[in-house]
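Student: This structure is in structure tokens; I'll ask about it shortly.
The values are calculated or read from the model by the stated rules, or taken from the named source; none is laboratory data. Here the structure is a predicted model, which is why all the values come from computation and not from measurement. Heads up, the Cβs are rebuilt from the backbone with ideal geometry, glycines too, and the neighbour counts pull from every protein chain shown.
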Amino acid sequence: MILLANSEAWPGFSKSVELLKAGRHGIDAMVAGISEVEREVKVRSVGFGGWPNMLGRMEFDAGVMDGTTREVGSVGAVPDTIPVAALAHEVMKRLPHVMLTGDGARRFATEIGFGVDETLYEDSKRVWWQRLEKELSPEELAKFPDIALAPLSRTITDPERVRDTTVFLSKDSLGGLNVVTSTSGWAWKYPGRLGDSPIPGAGFYADSRFGAAACTHTGEMTMRCGTARTIVLAMRLGHSLEQAIALAIDELRELKDGFLAGVVIHALDAKGNHKVVSLNCEEQIKYWFWDTDLPEPEHRFAEPFTS
């Protein structure tokens, strides 16, 4: 058994490990762990601790994929809901659809018994408004929110300058490879924006026969390249895990226009190998790893892509 996750997964990583040890399906184990991350206000890229959109409203994205059946559940721009990975799992289990967004996803949540959550952390609200005061003229502030938001998209950035996502990847006791993702998305994003986290093939993908991958940071890039699917498909075509990631990174580096920044790739192959690689990230990237040979999870450094 294996569990791999990004550094922000610390509130729930050990819980997922214990559930995997108990024989739980990988998605069940990871959703339980990622739910702990979503509730932790110290994690500022996901759930209650995340940052709001330009209007000061929280919108959450999440996805789950079963690599054995290749079933997917996904939700995007969901309001008033903290456990969005769990909601994505319910989409997979209960509906013929793959993805629900916005008010439709919230309606589904209510129908199946999810509570309506207070999602805007008071400190996030304070920081958001202070930034608006800095960016807008007094006249614009007086009219807000009835102003053009698009001009702000180039000037308002993440307070911590990290466009991160929480990603969990596992190989469970049955040998299945699975992925779960959750994010609050970019701080101050345009309302309704979806990143790669809820999009199968871009932010996550799993096929138990070959491998699994998930991406964090600049989702606009991995959506353009279909990065997670590229990695798994390359392994299907006979490439090693290292070669598959290198191919995906080459595709990302071919992008010359549009918004370009850092990307982090987390990946497993069906043989139990793993790799975490960062591209164009100024900060040192770390991740969590556990397998049955380790007594405790380890916090390790990712490899910066240099070739």
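Student: Just to be sure, is ILE199 surrounded by 21 or more Cβ atoms within 10 Å (Cβ to Cβ), over 28 Å from SER153 (Cβ atoms) and not hydroxyl-bearing (Ser, Thr, Tyr)?
Tutor: In short, no.
Student: Okay, next question. Quick one: would you say VAL37 is touching a residue at least 24 places away in the same chain (Cβ under 8 Å), among the aliphatic types (A, V, I, L, M) and in contact with a Pro (Cβ under 9 Å, 6 or more places away or on another chain)?
Tutor: yes
Student: Scan the helices (runs of 4 or more DSSP H) fully inside region 65-139 and keep the ones with 2 or more residues being within 30 Å of ASP269 (Cα to Cα), out of contact with any Phe, Trp or Tyr (no Cβ under 6 Å at 6 or more places or on another chain) and not charged (D, E, K, R).
Tutor: 84-94
Here is a yes/no grid of residues against (1) farther than 25 Å from LEU149 by Cα; (2) at pLDDT 95 or above; (3) polar (S, T, N, Q); (4) in contact with a Pro (Cβ under 7 Å, 6 or more places away or on another chain):
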site: TRP188; (1), (2), (3), (4): no, no, no, no
site: LEU194; (1), (2), (3), (4): no, yes, no, no
site: PRO198; (1), (2), (3), (4): no, yes, no, no
site: ALA202; (1), (2), (3), (4): yes, yes, no, no
site: ALA206; (1), (2), (3), (4): yes, yes, no, no
site: ARG209; (1), (2), (3), (4): yes, yes, no, no
site: ALA214; (1), (2), (3), (4): yes, yes, no, no
site: THR222; (1), (2), (3), (4): no, yes, yes, no
site: THR227; (1), (2), (3), (4): yes, yes, yes, no
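Student: Does SER170 satisfy the criteria of being at pLDDT below 95 and not in a loop (DSSP other than H, G, I, E, B)?
Tutor: no
Student: Identify, please: which residue in region 109-121 is farther than 20 Å from VAL41 by Cβ and out of contact with any helix residue (DSSP H, G or I) (no Cβ under 7 Å at 6 or more places or on another chain) and is, among those, surrounded by the most Cβ atoms within 10 Å (Cβ to Cβ)?
Tutor: THR110
Student: Given VAL41, VAL31, which one is β-branched (Val, Ile, Thr), assigned to a loop (DSSP other than H, G, I, E, B) and under 17 Å from the mean Cα position of the chain (by Cα)?
Tutor: Among VAL41, VAL31, only VAL41 is β-branched (Val, Ile, Thr), assigned to a loop (DSSP other than H, G, I, E, B) and under 17 Å from the mean Cα position of the chain (by Cα).
Student: Just to confirm my filter: which strands (runs of 3 or more DSSP E) fall fully inside region 194-307 and include at least 2 residues that are of a type in the set (Val, Ile, Thr) and touching a residue at least 12 places away in the same chain (Cβ under 8 Å)?
Tutor: 263-269, 274-279
Student: Okay, next question. For region 69-78, does any single residue satisfy the condition of being at positive phi, touching a Ser or Thr at 6+ places or on another chain (Cβ under 9 Å) and of a type outside the set (Asp, Glu)?
Tutor: So far as region 69-78 goes, yes, one or more of its residues are at positive phi, touching a Ser or Thr at 6+ places or on another chain (Cβ under 9 Å) and of a type outside the set (Asp, Glu).
Student: Among what's in region 243-294 and is in contact with a Cys (Cβ under 8 Å, 6 or more places away or on another chain) and of a type in the set (A, V, I, L, M), pick the residue that is surrounded by the fewest Cβ atoms within 10 Å (Cβ to Cβ).
Tutor: It comes out as LEU255.
Student: Follow-up question, since we're still on this one. Using beta carbons and a limit of 6 Å, which pairs, at least six apart or on different chains, have the first residue in region 1-27 and assigned to a loop (DSSP other than H, G, I, E, B) and the second one modelled with pLDDT of 95 or more and hydroxyl-bearing (Ser, Thr, Tyr)?
Tutor: Listed pairs, sorted by first residue: MET1/SER173; MET1/THR292; GLY23/SER173.
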